[in-house]
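Trainee: The following block contains the structure, expressed as structure tokens.
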Amino acid sequence: MKKIKLLLLILLVTTYGCKKDDEGTLNDAEEFFTATVVGNDGTVNFVATTDGITDYMTARTQGTGDNVRLDLRGTNFDVFLDLQFTIESYQGSSTYTSGDREDNPNLMRYGQDRSDRFWWVSDGFNHERVSTGTITINESAEFVQGTFSFQGYRQTNYKQVDGSFKVRKGN
């Protein structure tokens, strides 16, 4: 009889103690930064989490009024893959572009290795080739989340980078 009671107790706890929220969406505590990177040399799947040891994520704003800048970054130190976004004149939830004209200061870039010589960039300053990118951001009180897509160039090589993120503000 004790075993049956224990089994029933375990079933109750696992059934009702670990349920999703009412909408069945991810818990607000879950953060992620993922991307698929396709280039001349193959495909890489990028994942960063919040473990703080092998991965790093940040979403920080600087400035006030019309001069707010958002810096968004996801890094996987295990294999050193890095995604960085800088959005100038950040206004919260919206779609932002990079590389569509030379006077657009927004930056989207993907890096691998531990040096600056392996960056694939989408910005207006890339004189080798102007490549466009978009990042759509939905901001809440605690999080910056959204999707992105850009083609980053380095010399004659390119990377198509597509992904999504949810990062706590101020990390």
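Laboratory data are not the source of any read-out in this text; all were calculated from the coordinates shown. Keep in mind the model is a prediction, meaning the values are calculated, not measured. With ideal geometry, Cβ positions are generated from the backbone for all residues, glycine too; neighbour counts draw on all protein chains shown.
Trainee: Got a sec? How would 69, 154 order by Cβ neighbour count within 10 Å, fewest to most?
Mentor: Fewest to most other Cβ atoms nearby, the residues stand as 69, 154.
Trainee: Could you give the length gained on full extension between residue 77 and residue 169, defined as 0.36 nm per residue of separation minus the Cα-Cα distance, in nm?
Mentor: Numbers: separation 92, 0.36 × 92 = 33.12 nm, distance 2.09 nm.
Length gained between residue 77 and residue 169: 31.0 nm.
Trainee: Rank these for me by crowding, 108, 57, going from fewest to most other beta carbons within 10 Å.
Mentor: So the ranking, lowest neighbour count to highest, is 57, 108.
Trainee: While we're looking at this one, here's another question. What net charge is computed for the residues neighbouring residue 63, neighbours being all others with C-beta under 13 Å from the C-beta of residue 63, Lys and Arg scored +1, Asp and Glu -1?
Mentor: Value of the local net charge: -1.
Trainee: With a/c under 1.5 counting as rounded, go ahead and sort the range 26-168 into rounded, prolate or oblate using the C-alpha gyration tensor (a ≥ b ≥ c being the square roots of the eigenvalues; past the cut-off, prolate if a/b is larger than b/c, else oblate).
Mentor: oblate
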